[in-house]
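In what follows, a structure is listed as structure tokens, so that the remarks can point back to it.
The values are calculated or read from the model by the stated rules, or taken from the named source; none is laboratory data. Predicted, not measured: the structure shown is a model, and the values here were computed from it. FYI the Cβ positions are ideal-geometry reconstructions off the backbone, even for glycines, and counts take in every protein chain you see. With ligands, DNA and RNA removed, areas are computed over all heavy atoms of the protein, side chains included. Shrake-Rupley method; radii C 1.70, N 1.55, O 1.52, S 1.80 Å.
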Amino acid sequence: MPTLNDLAASRTNLGEADVDWLHALVSDWQLLADLSFADLILWAPVRDDGGWLALAQMRPTTGPTSLQDDLVGTLAGPEDQRLLNIARDERRIGRESDPDWTSGVPVRTEVIPVMRAGRVIAVIERCTNLNSARTPSRLELTYLQGADDLARMVAEGTFPFAGEAAMLARSPRVGDGMLRLGRTGRVTYASPNAQSAYRRLGLAADLIGAELAVITAGLCASDEPLDESLMVVAAGRAARAAEVDGNGSVVQLRAIPLIVGGSRTGALILVRDVTELRRRERELMTKDATIREIHHRVKNNLQTVAALLRLQARRLRAPEARAALDEAVRRVGSIAVVHETLSHGPDEVVDFDDIADRVAMMAGEVSAPEVRVIPKITGSFGLLPAAVATPLAMVLTELLQNALQHGFPAPARDAAAKDGGLLEVIAVREAERLTVTVADNGVGLPDGFDLDSTTSLGLQIVRTLVVSELGGRLRIVPRPDGGTEAVVGLPVE
Ligand SMILES: Nc1ncnc2c1ncn2[C@@H]1O[C@H](COP(=O)(O)OP(=O)(O)OP(=O)(O)O)[C@@H](O)[C@H]1O
Ligand SMILES: [Mg+2]
């Protein structure tokens, strides 16, 4: 279906400000449809007198629709055209005298000019299914009266409220609960849902006849300072939303001041109990904080383990045993890095470029003091889920360590530094694949090296993590220009 923007740009003469105005209108006209118990169609004049084009349509949630079909993008028929022209030319709300029976049900049609900056930029057609009309209840009368006020405000160019559009997406609906305030801010009508919401806030007295701002102030949790903007909203004086927090309940209020013909006739206050919603939001927030805290502790514990191992390594005489413990320190360290990153972020997705930097640095540090080859990282890993990041950090550690240890064995290290020892990590992130290459220009793999039959721990860890845990592929081959390159290919979302 074409959007309002597309239609307005391709078929009408509406300017940018006009289209913005219409956007603000349709982002909030559910209210008008619901209060009217009627369908709404927004018509705009087509370029070069080409008739009227339907830009948007809204059905009521409070009653039956009278329009089965989608009209957006279609042109108005001759009968509608006549009415729409009247609304535009006479700049007033008009009504068809007899109901229209063409769809099988009696439909009453009204037209409301949409005024902006003194011009009629579009016309709303309001279609009421009269089949459902019966002797209206107090609720219905109040709704219809509110609808009339709103319709007049549209025709006078005072609704939608300028500069307020963004907030309205989450506004309460009429059905959530509605209060009508009189000129002085006293409640003249309260829908059953609105009454219940105020009961839950702890109101024992009657709402009708009460001054809403005063009553609402009395219900607010007493330990919090009185919220000025809440008072303005509860008085129906500003087109804004606010929340009342009292008696363990949270209720959202949204005021629609009604100003018709230049004088204030009161306000509509939409009321919605958001206690459950806010509770769930709070829960999610604490859950988030807990998860972060856990990652933080895991990291601390791992660092303690690493420190213990390091201590023990120092007391050992046998070089092999020392080396083994040093490696364990390194492995634990690279897992800790990932947990540390996770303890910062609110979600289980981490920026692996950050981790790669630190793993590379660590690999250099832990390996040996005389190391001169500094790993260089090119390309980008991007964001990765924690489940991938932890194993990948270990894999990277092992591969870097191997290059430093075996590619540039101790006596040759200084030499390597002199003629530009190269140790490079290249990350290539594609839509569904991440390829990581660790390349060195060291002495190369030993004769008869076979990845699949290697029994040493390092590459076994790498293979298990890459192939079994991450479902990826691993290749370790001689580099064309000398040295070795290890290539890890991983499927990623
Ligand atoms: N970049 C490299 N350059 C040269 N040889 C390498 C390279 N990477 C791996 N090798 C060879 O592969 C062998 C196996 O590596 P692996 O990491 O499994 O064991 P390790 O490094 O010897 O011991 P550890 O279990 O402590 O990692 C190494 O001993 C080395 O001979
Ligand atoms: Mg190794």
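Condition first: open to solvent by 40 Å² or more (accessible area, probe 1.4 Å), modelled with pLDDT under 85 and within 15 Å of ligand 2 (Cβ to nearest atom). Can you find one or more residues in segment 365-388 that meet it?
Yes, that holds for at least one residue.
Hey, among the residues in segment 460-493 that are under 16 Å from residue 442 (Cβ atoms) and open to solvent by less than 20 Å² (accessible area, probe 1.4 Å), which one's modelled with the lowest pLDDT?
483
Of 444, 482, which residue is on the phi > 0 side of the Ramachandran plot and either within 16 Å of ligand 2 (Cβ to nearest atom) or among the hydrophobic types (A, V, I, L, M, F, W, C) (or both)?
Selected residue: 444, the only one of 444, 482 that is on the phi > 0 side of the Ramachandran plot and either within 16 Å of ligand 2 (Cβ to nearest atom) or among the hydrophobic types (A, V, I, L, M, F, W, C) (or both).
Given 282, 330, 314, which one is more than 30 Å from residue 244 (Cα to Cα) and loosely packed, with under 14 Cβ neighbours inside 10 Å?
The match here is 314.
Taking the stated definitions as given, is residue 349 at pLDDT below 85, within 16 Å of ligand 1 (Cβ to nearest atom) and hydrophobic (A, V, I, L, M, F, W, C)?
Spelling it out, it is not the case that residue 349 is at pLDDT below 85, within 16 Å of ligand 1 (Cβ to nearest atom) and hydrophobic (A, V, I, L, M, F, W, C).
Taking segment 437-493 as the region of interest, how many residues are part of a loop (DSSP other than H, G, I, E, B), under 26 Å from residue 389 (Cβ atoms) and aliphatic (A, V, I, L, M)?
Of the residues in that region, 2 qualify.
Is it the case that residue 239 is in a loop (DSSP other than H, G, I, E, B) and either out of contact with any Lys or Arg (no Cβ under 7 Å at 6 or more places or on another chain) or among the hydroxyl-bearing types (Ser, Thr, Tyr) (or both)?
Yes: the conditions hold for residue 239.
Please work out which residue is surrounded by the most Cβ atoms within 10 Å (Cβ to Cβ), limiting yourself to segment 447-459 and to residues that are within 12 Å of ligand 2 (Cβ to nearest atom) and within 15 Å of residue 474 (Cα to Cα).
459
Within segment 421-441, restricting attention to residues that are of a type in the set (A, V, I, L, M, F, W, C) and within 15 Å of ligand 2 (Cβ to nearest atom), which residue is farthest from residue 490 (Cα to Cα)?
423
Being within 16 Å of ligand 2 (Cβ to nearest atom) and not polar (S, T, N, Q) narrows it down to one residue among 466, 492, 477; which is it?
466
Can you find even one residue in segment 397-407 that is without any contact (Cβ under 8 Å) to a residue 40 or more places away in the chain and of a type in the set (S, T, N, Q)?
Yes, because at least one residue in segment 397-407 is without any contact (Cβ under 8 Å) to a residue 40 or more places away in the chain and of a type in the set (S, T, N, Q).
Looking for whichever is open to solvent by less than 50 Å² (accessible area, probe 1.4 Å), of a type outside the set (Ser, Thr, Tyr) and more than 22 Å from residue 170 (Cβ to Cβ) here; the options are 260, 251, 271, 244. Which one fits?
It is 260.
Of all residues in segment 294-332, how many are within 16 Å of ligand 2 (Cβ to nearest atom) and among the β-branched types (Val, Ile, Thr)?
The qualifying residues number 2.
Go through segment 443-492 and give me each residue that's near ligand 1 (Cβ under 10 Å from one of its atoms), under 45 Å from the mean Cα position of the chain (by Cα) and not polar (S, T, N, Q).
457, 458, 459, 461, 462, 463, 476, 485, 486
Is it the case that residue 301 is surrounded by 12 or more Cβ atoms within 10 Å (Cβ to Cβ), over 34 Å from the mean Cα position of the chain (by Cα) and polar (S, T, N, Q)?
So residue 301 passes the test.
Among the residues of segment 68-87, which ones are modelled with pLDDT of 90 or more and polar (S, T, N, Q)?
74, 81, 85
Looking at (1) touching a residue at least 40 places away in the same chain (Cβ under 8 Å); (2) over 31 Å from the mean Cα position of the chain (by Cα), which one does residue 315 not meet, given that it meets all the others?
Of (1) touching a residue at least 40 places away in the same chain (Cβ under 8 Å); (2) over 31 Å from the mean Cα position of the chain (by Cα), only one is false for residue 315: (1).
Out of 276, 228, which single residue is modelled with pLDDT of 90 or more, exposed (fewer than 14 other Cβ atoms within 10 Å of the Cβ) and within 32 Å of the chain's Cα centre (by Cα)?
The unique qualifying residue is 276.
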